[in-house]
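**Q** Dropping the structure in here first, questions after.
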Amino acid sequence: MKIAVIGSGAWATALAHVFSTNSHQVVLVGRDEKSYDSVRNVNLKYFPDFVLSPFVSFSTKLDSSLRDADAILFCVPSKAYRENAREVALLLDH
């Protein structure tokens, strides 16, 4: 199962880790690529000492992250939820 997690904060990263332990492919979709070390597979901002599963990846590209996703999980602050939902809806309509 491919899961797109919208957001890359602590909660999003923790949930991505849980899903990955069940062999799901998970992509964290964030806005700041500097907060994630793709070589080490580490969320530098929230879990700098925790290496995530190889089933977890990071992207700033929402459109490609949603492609072929079986599930979409929103893990963004409530003030950003509407904006993110609109962006996702526009991409899913195509």
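**Q** Out of (1) on the phi > 0 side of the Ramachandran plot; (2) surrounded by 11 or more Cβ atoms within 10 Å (Cβ to Cβ), what's the single condition that is false for residue 68?
**A** Residue 68 satisfies all of (1) on the phi > 0 side of the Ramachandran plot; (2) surrounded by 11 or more Cβ atoms within 10 Å (Cβ to Cβ) except (2).
**Q** Looking at the range 15-26, which of its residues are open to solvent by 10 Å² or more (accessible area, probe 1.4 Å) and either basic (Lys, Arg) or touching a residue at least 12 places away in the same chain (Cβ under 8 Å) (or both)? Give the steps one after another, and end with the answer.
**A** Kept after step one, since they are open to solvent by 10 Å² or more (accessible area, probe 1.4 Å), are these residues of the range 15-26: 15, 17-19, 21-25.
Result: 15, 17, 19, 21, 23, 24, 25.
**Q** Against the definition (on the phi > 0 side of the Ramachandran plot and either polar (S, T, N, Q) or at pLDDT 95 or above (or both)), how does residue 84 come out, yes or no? Explain how you work it out, then say what you get.
**A** Values: on the phi > 0 side of the Ramachandran plot: no; either polar (S, T, N, Q) or at pLDDT 95 or above (or both): yes.
So residue 84 fails the test.
**Q** Could I ask something else about it? Is it the case that residue 77 is loosely packed, with under 12 Cβ neighbours inside 10 Å and within 22 Å of residue 23 (Cβ to Cβ)? Don't jump to the end; show me each part of the working.
**A** On the way: loosely packed, with under 12 Cβ neighbours inside 10 Å: yes; within 22 Å of residue 23 (Cβ to Cβ): no.
It is false that residue 77 is loosely packed, with under 12 Cβ neighbours inside 10 Å and within 22 Å of residue 23 (Cβ to Cβ).
**Q** Let me ask something additional. Kindly check whether there is at least one residue in the range 36-47 that is on the phi < 0 side of the Ramachandran plot, small (Gly, Ala, Ser), surrounded by 12 or more Cβ atoms within 10 Å (Cβ to Cβ) and touching a strand residue (DSSP E or B) at 6+ places or on another chain (Cβ under 9 Å).
**A** Restricting attention to the range 36-47, the residues satisfying the condition of being on the phi < 0 side of the Ramachandran plot are 36-40, 42-47.
Adding the requirement that they be small (Gly, Ala, Ser) leaves 38.
Narrowing the set further to residues that are surrounded by 12 or more Cβ atoms within 10 Å (Cβ to Cβ) leaves none.
No - not one qualifying residue is present in the range 36-47.
The values are calculated or read from the model by the stated rules, or taken from the named source; none is laboratory data. All of these numbers come straight from a predicted model, not from anything done at the bench. No Cβ is skipped: glycine too gets one built from the backbone with ideal geometry, and neighbour counts run over all protein chains shown. Heads up: the accessible areas ignore ligands, DNA and RNA and are worked out on the full protein's heavy atoms, side chains in. Shrake-Rupley method; radii C 1.70, N 1.55, O 1.52, S 1.80 Å.
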